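Every number in this text was worked out from the coordinates using simple rules, so none of it is lab data. Predicted model only: the values in this text are computed from it and were never measured. No Cβ is skipped: glycine too gets one built from the backbone with ideal geometry, and neighbour counts run over all protein chains shown.
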Amino acid sequence: MALLLVRHGKSLPKDKDPAKGLSEEGISEVEHIAGVAKKYGVNVSRIMHSGKKRALQTAEIFASALKPDGGIQEIEGINPLDDVAAFADKIEISDNLMFVGHLPFMQRLTSYLITGSIEKPVFKFQNGGILCMDKNLEVAQAWFIKWALMPEI
């Protein structure tokens with residue numbers, strides 16, 4: 001019962017691709033992290049992404065490696081400036097779920113889940129990296145960082 005948060009891979013500049021799809025470097029880094037996650041036996045039941053091209057492409061790469069039973073799905077509420085508190089209130093974890101989104105949303109969500117505030121940063125996301133969070137069921141709303149896989153250490 002984990003929440004896996006992913007920032008999309010590195011994208012092309014708007015002048016090269018108005019939809020800002022993944023760059024070759026972004027594709028390569030996401031494929032690498034997805035491969036490492038597969039080797040570690042990371043299991044996700046469903047991958048959800050924002051409607052932006054770079055998030056969809058990132059989700060597809062992870063789905064290809066991790067083969068989630070529930071496939072991939074576009075969802076609302078995880079775009080860069082969406083309301084973190086509204087999204088967090090709807091999170092129900094019964095399986096391992098992966099969300100592929102953007103900054104500053106992913107960093108704010110992490111901060112909000114751990115500290116109750118979007119203003120207290122607790123983790124710096126890299127493009128294409130995974131942050132795994134879990135919930136301490138003995139303490140109400142006690143989220144913690146379980147592990148992370150990032151392209152650069």
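One residue is enough: does the range 35-44 have a residue meeting the conditions assigned to a loop (DSSP other than H, G, I, E, B) and either closer than 14 Å to G129 by Cα or in contact with a His (Cβ under 6 Å, 6 or more places away or on another chain) (or both)? Within the range 35-44 (the criterion being assigned to a loop (DSSP other than H, G, I, E, B) and either closer than 14 Å to G129 by Cα or in contact with a His (Cβ under 6 Å, 6 or more places away or on another chain) (or both)), the answer is yes, since at least one residue qualifies.
Could you please find all residues in the range 1-22 being in contact with a helix residue (DSSP H, G or I) (Cβ under 9 Å, 6 or more places away or on another chain) and either assigned to a strand (DSSP E or B) or farther than 25 Å from T110 by Cα (or both)? L3, L4, L5, V6, R7, S11, L12, D17, A19, L22, listed by residue number. Tallying residues that are of a type in the set (A, V, I, L, M) and more than 18 Å from K53 (Cβ to Cβ) within the range 63-97 yields 9. Listed by first and then second residue, the pairs with beta-carbon distance under 6 Å, at least 6 apart or on different chains, first residue in the range 43-55 and within 12 Å of F99 (Cα to Cα), second among the aliphatic types (A, V, I, L, M) and in a strand (DSSP E or B), are V44/M98; R46/L97; I47/I72; I47/M98; H49/V100; A55/V100. In the range 49-142, counting only helices (runs of 4 or more DSSP H) that sit wholly within it, the ones holding 2 or more residues that are under 24 Å from L22 (Cβ atoms) and in contact with a helix residue (DSSP H, G or I) (Cβ under 7 Å, 6 or more places away or on another chain) span 53-66, 105-115. As a summary of the residue check, K124 satisfies the conditions (1) crowded, with 17+ Cβ neighbours inside 10 Å; (2) among the basic types (K, R); (3) within 28 Å of K14 (Cα to Cα) except for the one numbered (1). Among all positions in the range 3-13, there is no residue which is within 28 Å of W143 (Cβ to Cβ), of a type outside the set (A, V, I, L, M) and loosely packed, with under 15 Cβ neighbours inside 10 Å. A count restricted to the range 19-43 and to residues that are closer than 11 Å to R54 by Cα, of a type outside the set (S, T, N, Q) and surrounded by fewer than 20 Cβ atoms within 10 Å (Cβ to Cβ) stands at 4.
Does any residue of the range 64-83 turn out to be crowded, with 16+ Cβ neighbours inside 10 Å and either within 16 Å of M133 (Cα to Cα) or in contact with a Pro (Cβ under 9 Å, 6 or more places away or on another chain) (or both)? No - not one qualifying residue is present in the range 64-83. Condition first: more than 14 Å from the chain's Cα centre (by Cα) and of a type in the set (D, E, K, R). Now tell me which residues in the range 2-41 satisfy that. Correct list: K14, D15, K16, D17, K20, E24, E25, E29, E31, K38, K39.
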